[in-house]
Each structure stands twice: as structure tokens, then as C-alpha cells.
Amino acid sequence: MRQINANQLQDLVADISLERDRLKRLEQEIQDVQQEIQLDPARSHLFYESLALKLHNFYTGCERIFRLVAIELNGGVPSSSDWHKRLLDRMTIAREGRQAMLRPETARQLQEFLGFRHIVRNLYGFELDRDRIAQLVSKHPAVWLQVEQDVNEFIEWLKDLAFSLEEDLFLDQ
């Protein structure tokens, strides 16, 4: 882990917490769109495009957290063309004084959302497979729960590390 002080760790906790809270809000918005589909099935094609974008945003929000960790604690993100996948994989590995951020199972579940995000970025909304969207929407609550648990555990680790650094600084004075 690169050299970092307690204040930087506290800032990282704040940044990660902000992204986590946005992802919580997104969870509610996905549920709201699902209710709209049930209320107005004739216009469901419009709602499926919205769901696809929200699933895209879900992975993007997760990846923002991973980027924050990689940049602040490990000095940067991978630079190759498959950097998105490599970044996700790296979050499952404890390295350079940093505990793993995700359980391997969480990362495995997120890979589906990463792949779908790529599809959303490269197709028109009306070309998206509604069954695929519905499948991912049904998986989202369980995957989000796993991500949220892993992120919260990582935040606690960061807080403990910041406290330890502050304590060491106090003892050195």
C-alpha cells in the first residue's frame, strides 16, 4: 500500500460511503421502475430501457468505488484494454497492506453486470434483450446485498487503519 495518512483514509471512507449511498438510492429506483412495469405493461418497453440504464449505473457505481481504492491505496488502476475486468479481479486480492475489498463470490456475481454494462453502452435501448434485463434485475437485490456487505466491511477496515495511524502519530509525539 502506498504511503497514506489518517486524514486521507478518512477522506477515502467519505468518498466510498457517498458512492455506497448512491447505490442504495439506485436500489430503490430499480424497485420503482419494476412497479411501473406492473402498472403499465403496454409501455413496458420504455421501462426496460430505464432498467437497463439503472443496471449499467449499478456496475458503474461499484466500479467508482473500486477505482477510488485502487488510486488511493495502490497508486492507480490497470492500464490495459481489459482494465475493467482486472480492476474487479484485484478487489478480491489482499495486497500491499490492503485487505481484499470483495469476496470472490461477490466479484463473480458482478462480472455479469460488468458484461451487461458493455452491452448497454454499445446497443440502442430498443435492441436490448428484455429477458436478460429481467434476469439481472431479479439478481440485483442479492448481488447488491453482497456488495454492500463487502463495502461496509472494507469501510470498517479503513476506519480501524485510520484510527491506528492516528494513535501511532499521537504516541510518537
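Starting from 0.36 nm per residue, how many nanometres of slack lie between E153 and A94 once their C-alpha separation is accounted for? List each step's numbers first, then the result.
Values: separation 59, 0.36 × 59 = 21.24 nm, distance 1.36 nm.
Here the answer is 19.9 nm.
Could you give the distance between the Cα centres of region 1-79 and region 99-143, to the whole Å?
For region 1-79 versus region 99-143, the Cα centre distance is 12 Å.
In Å, what Rg and Dmax follow from the Cα atoms of region 6-172?
Radius of gyration, then largest Cα-Cα span, for region 6-172: 18.0, 68 Å.
Report the full-extension gain for the segment R64 to D32: residue separation times 0.36 nm, less the Cα-Cα distance, to one decimal in nm.
Numbers: separation 32, 0.36 × 32 = 11.52 nm, distance 2.37 nm.
9.1 nm is the gain from fully extending R64 to D32.
When the dipole is taken about the Cα centre of the chain, and only Lys, Arg (+1) and Asp, Glu (-1) are charged at their Cβ, what size is it in debye, to the nearest 20? Let's see the in-between values first.
Numbers: 22 positive and 29 negative charges, 132 e Å.
Charge dipole, the chain, about its Cα centre: 640 debye, nearest 20.
S138 to R22: extension gain in nm, 0.36 nm per residue of separation minus the Cα-Cα distance?
Numbers: separation 116, 0.36 × 116 = 41.76 nm, distance 1.96 nm.
Going from the current span to full extension adds 39.8 nm.
If I model a spin label as a point 7 Å beyond the Cα along the Cα-Cβ vector, how far apart are those points for L123 and W83 in nm?
2.7
Any idea what angle helix 6-39 forms with the longest principal axis of the chain, computed on alpha-carbon atoms, 0 to 90 degrees, nearest 10?
10
How do D131, D11 line up, fewest other C-beta atoms within 10 Å first? Don't skip to the end; give the middle numbers.
Working: D131 9, D11 15.
The fewest-first ordering by Cβ neighbours comes to D131, D11.
Every number in this text was worked out from the coordinates using simple rules, so none of it is lab data. Computed from a predicted structure; not experimentally measured. Cβ sites come from the backbone with ideal geometry, for glycine too, and all protein chains shown count toward neighbours.
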